[in-house]
1. Taking 0.36 nm per residue of separation and subtracting the Cα-Cα distance, what length does fully extending Thr97 through Arg131 add?
2. Among 156-162, 289-295, 210-216, how do they line up by average Cβ neighbours within 10 Å per residue, starting with the highest?
3. Given a 1.4 Å probe and heavy atoms of the protein chains only, how would you sort His197, His306, largest accessible area at the top?
4. Over the chain, what is the relative contact order in percent, taking alpha-carbon pairs closer than 8 angstrom and at least six residues apart?
5. Based on DSSP, what percent of beta bridges with both residues in region 1-153 are antiparallel, to the nearest 5?
6. Given springs between every Cα pair under 10 Å in a Gaussian network model of the chain, which of Leu150, Leu200, Leu80 has the largest fluctuation?
7. If DNA, RNA and ligands are ignored and the probe is 1.4 Å, what is the ranking of Lys287, Lys264, Lys199 by accessible area, most exposed first?
8. Please compute the volume of the convex hull spanned by the alpha-carbon atoms of the chain and report it per residue in Å³.
Amino acid sequence: CYIQYPGVWYRFTPPTDTTLVLSASGSLPADLSIHTGTRGALNLIGCIVGNQMTFSVIGGQTYFILITAPPDGGPVSLTLENLPPPPPNDDISNATTITALPFEDQVDTRTAILDGSDPSCLGQSATVWYRLTHPADTLIDVNTSGSDYLAMVSVYTGSPGALVQTQCNSERALFNAQAGQTYFLMVGAAGDLPRGHLKLSVVGLPPYTLDVNIDPVGLVNNHTGEAYVQGSVACSQASQVVIAGRVRQRLGRAIISASFRIDKECDGATGWSALLRSDSGLFTAGKVDVEVSVDAIDSQTGGLFHANASADLRLRGARSLPAIILMAKEPAP
């Protein structure tokens, strides 16, 4: 085969067509190889450097197995395991329907195959399929980390033969499912790596939400003309946000304005505040227009989210303003 060491031969004739797992234990074999034919005229049909291989056999056909190991390797034992037939959801046409969340499934994928019509996800093999249609907009978490092999998870919309891939990840996929939309989930062994026992979990998580509010009352320093406005940002999970805004005040024909930008971590309801000084004049007590927008990235899915708010608020005169780090200016138009 590859390495020639002293070896031990086995012969067997299976009664029916089946798929077998050949395992050698004890010392670590240098080679496992499968042959047909007769002594002096053997045909090699499979070979691996290691201690386990999977192969299909024909009922009534005689096979010869050779295990070779270093002379000082110690005793070697052989185990043949008859594998079950391919799983029912081996093909997309018979995809397992996920009727409710949370959902869990365990499947022996060792006899699953890669159908010629299966789409590609990082060169996967041994694929099984699931179908999900959720009644509400939901963040879906597909996880295979409990499996005994490395599984690739991909997500598709469309229909068999006309699928559109939206996700292709290792072990886990997170995606925002739209109400009533059907999604196909394909799980396959990574490349040529061994397949095994799949443990799949699918759960629905609350979708990411983002909102921003402006307090109806602000402050203005009667001496410096600096304005102070504040509000809050509400996010459904911890995320980095960028808050940007503009304050404008009309005084006769003049417009006093200033803008600000704040980068901060949002965790639930998080307050924001801005201290502003305009180069186009001094703010005074009275009515101002405030516009605020916030952008965030969902740390779970990487999705971008945006929220905005506007308000007419009143600045109250004060001798001093709260001490904050931000000081934003805008040049006079």
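1. Details: separation 34, 0.36 × 34 = 12.24 nm, distance 0.47 nm.
Gain on stretching Thr97 to Arg131: 11.8 nm.
2. Numbers: 156-162: 12.9, 289-295: 18.7, 210-216: 16.7.
For the peptides 156-162, 289-295, 210-216, the packing ranking is 289-295, 210-216, 156-162.
3. On the way: His197 85, His306 105 Å².
The ordering from most to least exposed comes out as His306, His197.
4. Numbers: 883 pairs, mean separation 42.8, N = 333.
Computed value for the chain: 13 percent relative contact order.
5. Values: 31 of 34 bridges.
Expressed as a percentage, antiparallel bridges in region 1-153 total about 90.
6. Leu80
7. Details: Lys287 120, Lys264 60, Lys199 100 Å².
The ordering from most to least exposed comes out as Lys287, Lys199, Lys264.
8. Working: hull volume 69.8 nm³, N = 333.
Considering the Cα atoms of the chain, their hull volume per residue is 210 Å³.
The values are calculated or read from the model by the stated rules, or taken from the named source; none is laboratory data. Keep in mind that what you see is a predicted model, and the values were worked out from it rather than measured. Note that we place each Cβ from the backbone using ideal geometry, even for glycine, and neighbour counts take in every protein chain shown. Calculation scope for accessible area: heavy atoms of the full protein, side chains included, ligands and nucleic acids excluded. Shrake-Rupley method; radii C 1.70, N 1.55, O 1.52, S 1.80 Å.
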